Amino acid sequence: MTLSRSARWLLRGAMALGLAFIYLPLSIVLVNSFNADRTFAWPPPRWTTEWWARAWENAGAREALWTSVQAGLGATAIALLLGSLVAFAVQRYRFFGRETVSLLVVLPIALPGIVTGIALDTAFRSVLAPFGIDKGLFSVIVGHATFCVVVVYNNVLARLRRSGGNLQEASADLGADGWQTFRYVTFPVLRSALLAGGLLAFGLSFDEIIVTTFTAGPGVQTLPIWIFSNLFRPNQAPVINVVAAVLIVASVVPIYLAQRLSDTAGGGRL
Amino acid sequence: MSAGPATPAVALRGLRKSFGAVEAVADVDLEIADGEFFSMLGPSGSGKTTVLRMIAGFEPPTAGSVLLGGRDVTRLAPFERDVNTVFQDYALFPHMTVRQNVEYGLRVRRVGRAERRDRAAEALRSVRLDGLADRRPAALSGGQRQRVALARALVVRPKVLLLDEPLGALDLKLREQMQVELKALQREVGITFVFVTHDQEEALTMSDRVAVFEHGRIAQVGTPAEVYERPATPFVAGFVGTSNLLGGEAARAVLGREGTFSIRPEKIRLDGSPPTAEETSAGGRVAEVVYAGATTRFVVDLDAGARLVVTQQNLTTTSADVAALRGRPVRLAWRTEHAVAVPVPAVPTPLPKESAHAYR
């Protein structure tokens with residue numbers, strides 16, 4: 001399709017404006033983390049790395065970061081296991097309720113976080129607490145896993161569909177038993193899809209706040225929660241800017257990698 | 001059994017397969033001799049691929065048994081059977097090089113590295129791909145992928161090679177070239193080939209014997225000449241070649257006989273010279289002329305009421321000559337024995353008796 005000259009410029013302008021609206025505020029956060037003025041005067045009068053040093057020494061922030069990493073890794077591990085199992089079931093077998101299962105697995109990512117949070121909170125307090133499973137880090141991991149499963153499921157399912165079901169048949173036909181087929185064919189073909197799904201899942205978990213609010217036990221504070229609770233303390237503001245800057249970088253890298261991995265079809269490089 | 005005194009390479013006994021209410025394969029009995037190039041021909045959905053998958057072990061039969069070299073393998077997994085498959089979409093492993101693909105069957109059988117290399121190189125040479133061993137399948141053309149799939153299956157030296165429409169994805173020129181190569185390769189390695197196709201010409205040119213499938217049953221088994229010259233049912237007559245049937249009133253008027261008869265288009269002449277004593281003749285009018293380079297097809301409406309297709313080689317005629325015949329009255333003639341009686345089966349198609357030599 002050919003567009004007129006003016007239409008091309010108009011569309012380019014709209015694109016630039018749209019992207020600027022998203023990314024300029026983020027870059028202001030990054031810049032302000034080096035702003036020497038405590039009230040973020042603009043333009044910054046002087047530059048400093050003092051806030052970065054103070055953030056590094058802040059015990060609360062460091063503890064929250066470690067909690068977030070643990071929660072992210074835990075949720076990702078559960079998502080990898082369950083997501084790929086469901087993807088295999090849906091792709092390989094025909095069974096009653098297959099479409100329903102597929103929908104139910106994808107649904108949590110669309111459900112309002114506050115509903116998921118309240119539901120899980122109730123479940124943990126009234127059903128699981130009597131069995132000695134209290135809210136804590138574990139409940140946060142389970143809560144995150146509910147929507148992390150989706151991204152792994154989608155990635156693995158897409159790869160399985162594209163690589164065709166009969167690679168496993170070809171392998172068995174050539175004399176490989178079930179374990180050899182998994183080791184030499186199934187897993188290598190899925191590897192990059194699993195990695196992409198895992199990175200996305202980690203990214204989702206790492207910045208989640210709503211479900212976390214409802215599922216975290218006392219004393220369990222993830223990084224986003226720590227930011228939220230320190231947001232309105234005036235003397236913490238510069239430190240929060242630094243933590244926010246770290247969060248931005250920490251989210252961008254896995255998402256970027258995940259996108260690269262999803263695009264390389266054969267999964268040959270990783 | 002006519003497969004010879006030796007044990008058949010593949011024997012199917014009362015084989016059935018149902019998918020829910022659909023009967024994909026209904027009672028197939030078949031014996032395929034050692035070293036034979038055997039084709040299973042039929043339209044899509046006729047059950048030929050399902051039979052192939054049951055021989056390979058991918059589908060468990062609903063009833064009946066599969067014997068390979070006299071041994072019942074019905075309950076064995078694919079990796080426990082001495083057969084290999086060339087898949088329709090090749091199913092090459094995308095994350096491995098061509099050499100790794102070909103070596104795969106040896107690797108999982110724990111053949112030593114040096115022997116693996118040698119045998120893979122030899123297999124790649126036999127399909128003329130020696131230069132491409134380090135490429136990924138994605139970097140190959142359709143014809144090359146086809147050869148890799150062949151080499152990968154042949155390198156493990158199976159007793160039987162199953163080919164599931166292996167040439168379906170190739171263009172016409174390449175397909176014709178691969179037909180010749182496959183046939184030569186089969187003669188060279190001496191392995192039994194079981195070849196599934198919906199292309200009647202492919203089946204006729206390559207096979208020692210052909211089984212024509214219809215609705216999950218075998219309508220006829222025989223050599224290409226038998227199947228072509230003496231079709232056992234109207235379906236076979238129509239599917240293998242052009243359907244040229246004379247039946248009912250037209251058969252009575254032209255042939256003076258009751259029944260349905262098949263006459264192959266190239267057996268009929270319309271040069272106008274008077275019929276000899278061995279020939280039957282019929283008058284008609286040319287309804288359509290289709291010029292196809294080497295040959296011309298005439299669609300002729302007989303005065304007796306049937307429609308016959310006649311093909312003639314364009315030995316001396318040109319497109320202008322044949323086009324002038326459209327609408328003209330003509331006199332057709334064919335040797336009387338070329339009108340072959342075709343038994344019309346009561347529905348559903350029973351197994352034809354005259355090809356019983358292929359059954360137990």
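Here region A:138-167 is the region considered, the condition is being hydroxyl-bearing (Ser, Thr, Tyr) and either within 14 Å of chain B (Cβ to nearest Cβ) or out of contact with any Pro (no Cβ under 9 Å at 6 or more places or on another chain) (or both), and the residue that is farthest from A:Val211 (Cα to Cα) is A:Ser163. As a summary of the residue check, B:Val180 satisfies the conditions (1) within 14 Å of chain A (Cβ to nearest Cβ); (2) among the aliphatic types (A, V, I, L, M); (3) within 19 Å of the chain's Cα centre (by Cα); (4) part of a helix (DSSP H, G or I) except for the one numbered (1).
Tell me, yes or no, whether region A:252-260 has at least one residue that is surrounded by fewer than 19 Cβ atoms within 10 Å (Cβ to Cβ), within 14 Å of chain B (Cβ to nearest Cβ), within 25 Å of A:Leu157 (Cβ to Cβ) and more than 13 Å from the chain's Cα centre (by Cα). The answer is no, given that none of the residues of region A:252-260 is surrounded by fewer than 19 Cβ atoms within 10 Å (Cβ to Cβ), within 14 Å of chain B (Cβ to nearest Cβ), within 25 Å of A:Leu157 (Cβ to Cβ) and more than 13 Å from the chain's Cα centre (by Cα). A Cβ distance below 9 Å, combined with a sequence gap of six or more or placement on separate chains, defines the contacts here; from region B:320-335, residues that are surrounded by 13 or more Cβ atoms within 10 Å (Cβ to Cβ) reach residues that are assigned to a strand (DSSP E or B) and among the acidic types (Asp, Glu) in the pairs B:Arg326/B:Glu288; B:Ala333/B:Glu279; B:Trp334/B:Glu279; B:Arg335/B:Glu279.
Restricting attention to region B:72-88, the residues that are of a type in the set (A, V, I, L, M, F, W, C), more than 7 Å from chain A (Cβ to nearest Cβ) and touching a residue at least 60 places away in the same chain (Cβ under 8 Å) add up to 2.
Here B:Thr242 fulfils each of the conditions (1) under 17 Å from the mean Cα position of the chain (by Cα); (2) without any contact (Cβ under 8 Å) to a residue 60 or more places away in the chain apart from (2).
Inside region B:65-98, residues that are over 10 Å from A:Leu174 (Cα atoms) and within 31 Å of the chain's Cα centre (by Cα) make up a count of 23. Quick check on this structure: which one of B:Ala123, B:Ala91 is within 14 Å of another protein chain (Cβ to nearest Cβ), closer than 22 Å to B:Gln186 by Cα, touching a Leu at 6+ places or on another chain (Cβ under 9 Å) and assigned to a loop (DSSP other than H, G, I, E, B)? On inspection, the qualifying residue turns out to be B:Ala91.
Residue by residue, here is whether (1) within 25 Å of B:Phe235 (Cβ to Cβ); (2) touching a Pro at 6+ places or on another chain (Cβ under 6 Å) holds:
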| residue | (1), (2) |
| --- | --- |
| B:Ser262 | yes, yes |
| B:Glu266 | yes, no |
| B:Pro275 | no, no |
| B:Arg297 | yes, no |
| B:Gln313 | no, no |
| B:Asp321 | no, no |
| B:Arg326 | no, no |
| B:Trp334 | yes, no |
| B:Glu337 | yes, no |
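Checked against the criterion of being without any contact (Cβ under 8 Å) to a residue 40 or more places away in the chain, in the same structural domain as B:Leu172 (by TED's automatic domain parsing) and out of contact with any helix residue (DSSP H, G or I) (no Cβ under 6 Å at 6 or more places or on another chain), the candidates B:Arg125, B:Arg135, B:Arg99, B:Arg116 yield just one match: B:Arg125.
The values are calculated or read from the model by the stated rules, or taken from the named source; none is laboratory data. The model shown is predicted, which means the values in this text are computed figures rather than measured ones. Positions of Cβ are backbone-derived with ideal geometry, glycine not excepted, and every protein chain shown enters the neighbour counts.
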